[in-house]
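This report refers to the structure that appears directly beneath it.
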Amino acid sequence: MTTDSKWGKETLRQMLLIRNFEETADKLTLRGKVPGGMHNSSGQEAVAVGVMSALDPKDVIATTHRSHHHTIAKGMPVNIVMAELFTKATGCSGGRGASMHLADVENGHFGGNGIVGAGVGIAMGAALGIKQMGHKKVAVGFVGDGGVNTGRTWEAVNMAVIYKLPLIIIVDNNQYAVETFVERVTGGNDIAKRGAGFGLPSFTIDGQDVEEVHKHTSEARNRALAGEGPTFINALTYRYYGHNVGEKGQYRTQEEIADWRSHRDPIDRFSAKLISEGALTQADYEAMINSVAKEIEEAVDFAEKSPLPDVSTILDGVDSGLLGARK
Amino acid sequence: MSTTTPTTQQNPTYSEAFQSGVREEMKLNPNIFILGTDLVERGGHFAQVKGIAQEFGVDRVKDSPISEAAMVAAGLGSAMYGCHPIIDLNFIDFSLGAMDEIINQAAKIRFMFNRPVPLVIRATSGVALGGAHHCNSLESLFAHTAGLSVAVPSRAYDVKGLIKTALRSPDPVIFLMHKKLSGVRGEIGDENTFIPFGSAHRVKSGKDAAIISYGYTIVSAQKAAQTLAEQGIDVEIIDLRTLYPLDTDTINATVQKFGRVVVADEAPMFGSITAEIAATASEVNFRHLKGPIVRVGAARAPLSANPQMSEAAIPSANDLVEAVKKVMSY
């Protein structure tokens, strides 16, 4: 199928933006700029961009500890994301969240999460809110292959099914829960089959193919908006770096990483397709790479120059103070 | 501190007072809904929502699977979205299956993401029959957690006034109703009666010493006060009504007034809210104290199913009498 040129270019640009953000932020983290470290999503761009390009900007997402790619694809400006990684006052969470707690609830980003498996439940709740209020929107809950072994994830899937909620569950399945290979810890070794057991449409898809991710998400969204309830999508992908920045584990071979990078990279695959279809020239592609690099440079500059949060505000916003007579 | 005397004519039960407050707020706010187990037909295990599904429909009173993590997540996500859910966990013991959703998520969203989480988690609490898995007193744990507020009403009037306030609040509230009080009748306020959190209620004024407490222990304190009156000791009783926010003004005034204070509840004493109150009240009011604040609480042991063993683990009215006599001996 031929790709729409405009959509294709924007989709490719988003993936490039995420890749450059992650490569840059990784180096900055090693230089001590990112308190608490970060989880690099390089290699997983097609899942984020494929899903988000199928959503309306007002749709809701809730995600995981590895969420830069989801956040950028959702539309948060990269300077705000970078500033949050630096824990600066200008970050999306005012420096209170850093890498794992990126959010913009007002615009439908219900947060990354430090707790594995928590995102699906929050998205399910948002989907319930959407349904209760009669809105025409969907919520997407991201979970990793690690999170699909938490009970709370399946509790949320079950509830979404029985209430027919407008929810899409995306397993951003990079195949390693920290350093543990998914097959070693996943009974039955078929995550989509688990989903199907709850009585909802459930698929395993190629998460390195941005168009396939987009297509499945669009179909899921249409079902949800038609009142047909949730969909479960297990998107197979791969992360090129360690679980956390700087980690070089012995749990997988360099050959395996090189194979995914050289044969299944989502950006290489999609850019090659666009070029072969004549939707993109090599010169356009190089210009796009340069433009993205400049945007990330500016984001780093913004983060560097941004003020730190005022430590005298550590009690602000714990609660509303509106409940009564507390002094 | 409130000393309001309830004035309405009806005498509903503690559970019916909850129904009354929720009904009134549901009429005004279409985004309030209730989600929990056995709510529609049964009306909840303590009749706390009886008839509400029939009045407002099953979209607003939702029967749930026994799935505490998902129940609280449903409340959390929908509250972030703009609803004002009441998640009914039946027994507070069952909240332990949703502790991540409560403590890691609901309590911290406002702080991290500047987003209100108008969520009420209602559960029955306190020590009665049922043994180790139906009698946990977890209120100290919730009060300890930044971002949560905790209501512990002891009478119908406070149940209604506090749930109405909770349903107008943008914060997550843990609403604990004592199982032994479910059927106790009392007057309630009207649709405009709201009890602010952090305002204690003086159950009885006294001249000699004070008992500061909450929940069912207020009933024991009233019995103890009668016994003490027969012995010539006039004890004041303060019902905290909420544990966070805590009415520190009333606590401080009480300590300063009497210098002889007992703090009591039926939670295990080690690391409990009574420890918090005694410690901070002592720090602030040390020179007013005639002797140490005496705490009365439960043993640091799981509750037994055997009724006599269970009763033996928690304070009796007589334990409170002895505690007051101890502070009177200073």
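Among residues of segment B:274-288 that are in contact (Cβ under 8 Å) with a residue 60 or more places away in the chain, those with a Cβ under 6 angstrom from a residue that is buried (at least 18 other Cβ atoms within 10 Å of the Cβ), sequence gap 6+ or separate chain, pair up as B:Ile277/B:Val263.
For every residue, the table says whether it meets (1) assigned to a helix (DSSP H, G or I); (2) of a type in the set (Val, Ile, Thr).
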{"position": "A:Arg66", "(1), (2)": "no, no"}
{"position": "A:Thr71", "(1), (2)": "yes, yes"}
{"position": "A:Val81", "(1), (2)": "yes, yes"}
{"position": "A:Ala89", "(1), (2)": "no, no"}
{"position": "A:Leu102", "(1), (2)": "no, no"}
{"position": "A:Gly121", "(1), (2)": "yes, no"}
{"position": "A:Gly125", "(1), (2)": "yes, no"}
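Of the residues making up segment B:110-133, those that are surrounded by fewer than 23 Cβ atoms within 10 Å (Cβ to Cβ), modelled with pLDDT of 95 or more and assigned to a loop (DSSP other than H, G, I, E, B) are B:Asn114, B:Arg115, B:Pro116.
Within segment B:283-300, restricting attention to residues that are at pLDDT 95 or above and small (Gly, Ala, Ser), the residue that is surrounded by the fewest Cβ atoms within 10 Å (Cβ to Cβ) is B:Gly291. From the residues in segment A:14-54 that are surrounded by fewer than 17 Cβ atoms within 10 Å (Cβ to Cβ) and not in a loop (DSSP other than H, G, I, E, B), which one is farthest from the chain's Cα centre (by Cα)? Checked segment A:14-54; the qualifying residue farthest from the chain's Cα centre (by Cα) is A:Leu30. Test B:Glu191 against the stated conditions and say whether it is outside any helix (DSSP H, G or I), under 30 Å from B:Leu89 (Cα atoms), touching a helix residue (DSSP H, G or I) at 6+ places or on another chain (Cβ under 9 Å) and among the acidic types (Asp, Glu). Answer is yes for this residue. Which of the residues spanning segment B:218-252 are closer than 20 Å to B:Val152 by Cβ, among the hydrophobic types (A, V, I, L, M, F, W, C) and assigned to a helix (DSSP H, G or I)? Selection gives B:Ile218, B:Val219, B:Ala221, B:Ala224, B:Ala225, B:Ile251.
For segment B:106-130, filtering for residues that are more than 21 Å from B:Ile87 (Cα to Cα) and either in contact with a Gly (Cβ under 9 Å, 6 or more places away or on another chain) or without any contact (Cβ under 8 Å) to a residue 24 or more places away in the chain (or both) leaves 4. Within segment B:241-253, restricting attention to residues that are surrounded by fewer than 24 Cβ atoms within 10 Å (Cβ to Cβ) and touching a strand residue (DSSP E or B) at 6+ places or on another chain (Cβ under 8 Å), the residue that is nearest to B:His201 (Cα to Cα) is B:Thr250. Within segment A:70-97, the residues that satisfy the criterion of being among the small types (Gly, Ala, Ser), crowded, with 21+ Cβ neighbours inside 10 Å and either touching a residue at least 40 places away in the same chain (Cβ under 8 Å) or under 22 Å from A:Lys58 (Cα atoms) (or both) are A:Ala73, A:Ala83, A:Gly91, A:Ser93, A:Gly94, A:Gly95. Of a type outside the set (Gly, Ala, Ser) and at positive phi, is that true of A:Thr63? Here the answer is no, as A:Thr63 does not meet what is asked. The single condition from (1) crowded, with 24+ Cβ neighbours inside 10 Å; (2) facing another protein chain (nearest Cβ under 10 Å); (3) in a helix (DSSP H, G or I); (4) not aromatic (Phe, Trp, Tyr) that B:Asn104 fails is (1). Counting the residues of segment A:93-103 that are within 8 Å of another protein chain (Cβ to nearest Cβ) and closer than 13 Å to A:Lys74 by Cα gives 1. Restricting attention to segment B:47-84, the residues being surrounded by 23 or more Cβ atoms within 10 Å (Cβ to Cβ) and either part of a helix (DSSP H, G or I) or under 19 Å from the mean Cα position of the chain (by Cα) (or both) number 16.
The values are calculated or read from the model by the stated rules, or taken from the named source; none is laboratory data. Worth saying up front: this structure is predicted, and the values here are computed from it rather than measured. Methodologically, a virtual Cβ is constructed for each residue, glycine included, from the backbone with ideal geometry; neighbour enumeration extends over all protein chains shown.
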